[in-house]
Amino acid sequence: RRQLRGSDKILDEMQNRLKFVKSAIQQYPQTELSWMTEVKKIEGAIHDAQIDMWGDWHKSKRDVETKTSVGNRIETVVYQCWYSTSNPTTTQKDQYKIAQELYADLKKEIESIKASVENLEAKLNNAGVPYTPARPNFKED
């Protein structure tokens, strides 16, 4: 549960950093607008990762059946075990095992997103684009 929530915070941070990178690309004169295609690709990957993590609430809000997400599986097991004094059931153990397998794939996806954002920020550094929040190695001197 802690790892999942930490990964969610990483995604939120990447989304926030990407927002500033996107603005810098649009407003600074020496940037290549082709970088916007990378931004759109990363935004789509973040959206897909958030749906894999917590489910598609747009669909579920409208009573459309959706795939069970990693977060839903974990939070359901936690909720069912919270005040229970008995051992976890076989179903709960199975749900947790499935969630672990899905989270391993999700974690790789999040690391890929993080690397893409950092790569884009490195391009901004090389182009001399002014500072954006949380961008590493902006100015060494």
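Odds and ends about this structure:
- Selection count, the stretch 1-60, where residues are of a type outside the set (K, R), surrounded by 15 or more Cβ atoms within 10 Å (Cβ to Cβ) and part of a helix (DSSP H, G or I): 25
- Residue match in the stretch 103-110 (condition: over 24 Å from M14 (Cβ atoms), touching a residue at least 12 places away in the same chain (Cβ under 8 Å) and either touching an Asp or Glu at 6+ places or on another chain (Cβ under 9 Å) or open to solvent by 50 Å² or more (accessible area, probe 1.4 Å) (or both)): no
- Which numbered condition Q92 fails, given (1) over 18 Å from the mean Cα position of the chain (by Cα); (2) open to solvent by 40 Å² or more (accessible area, probe 1.4 Å); (3) over 30 Å from S23 (Cβ atoms); (4) not aliphatic (A, V, I, L, M): (2)
- If the condition is being touching a helix residue (DSSP H, G or I) at 6+ places or on another chain (Cβ under 8 Å), under 13 Å from V117 (Cα atoms) and β-branched (V, I, T), then the stretch 26-47 contributes V39, I42, I46.
- Residue pairs whose Cβ atoms lie under 9 Å apart, sitting 6 or more positions apart in sequence or on different chains, and linking a residue in the stretch 25-36 that is at pLDDT 85 or above to a partner that is β-branched (V, I, T) and outside any helix (DSSP H, G or I), are I25/T31; I25/V129; Y28/V129.
- Checking K123 against (1) in a helix (DSSP H, G or I); (2) under 24 Å from the mean Cα position of the chain (by Cα); (3) surrounded by fewer than 10 Cβ atoms within 10 Å (Cβ to Cβ); (4) not hydrophobic (A, V, I, L, M, F, W, C), the condition it does not meet: (3)
- Filter result for A115 (modelled with pLDDT of 90 or more, on the phi < 0 side of the Ramachandran plot, within 21 Å of the chain's Cα centre (by Cα) and surrounded by fewer than 13 Cβ atoms within 10 Å (Cβ to Cβ)): yes
- Residue check for A134: among the aliphatic types (A, V, I, L, M), out of contact with any strand residue (DSSP E or B) (no Cβ under 6 Å at 6 or more places or on another chain) and either surrounded by 14 or more Cβ atoms within 10 Å (Cβ to Cβ) or in a loop (DSSP other than H, G, I, E, B) (or both): yes
- Sole exception among (1) more than 21 Å from the chain's Cα centre (by Cα); (2) within 24 Å of I10 (Cα to Cα) for V64, by number: (2)
- Sole exception among (1) under 23 Å from K40 (Cα atoms); (2) surrounded by fewer than 16 Cβ atoms within 10 Å (Cβ to Cβ); (3) not charged (D, E, K, R) for T85, by number: (1)
- Scanning the stretch 77-116 for residues that are small (G, A, S) and not in a helix (DSSP H, G or I) yields S84, S86.
- The residue that is most open to solvent (accessible area, probe 1.4 Å), among those in the stretch 61-73 that are touching a helix residue (DSSP H, G or I) at 6+ places or on another chain (Cβ under 7 Å) and not charged (D, E, K, R), is T66.
The values are calculated or read from the model by the stated rules, or taken from the named source; none is laboratory data. Worth saying up front: this structure is predicted, and the values here are computed from it rather than measured. Note: ideal-geometry Cβ built from the backbone for every residue, glycine included; neighbour counts use all protein chains shown. Each accessible area value is taken on the protein alone, full model and side chains, heavy atoms only, with ligands, DNA and RNA left out. Shrake-Rupley method; radii C 1.70, N 1.55, O 1.52, S 1.80 Å.
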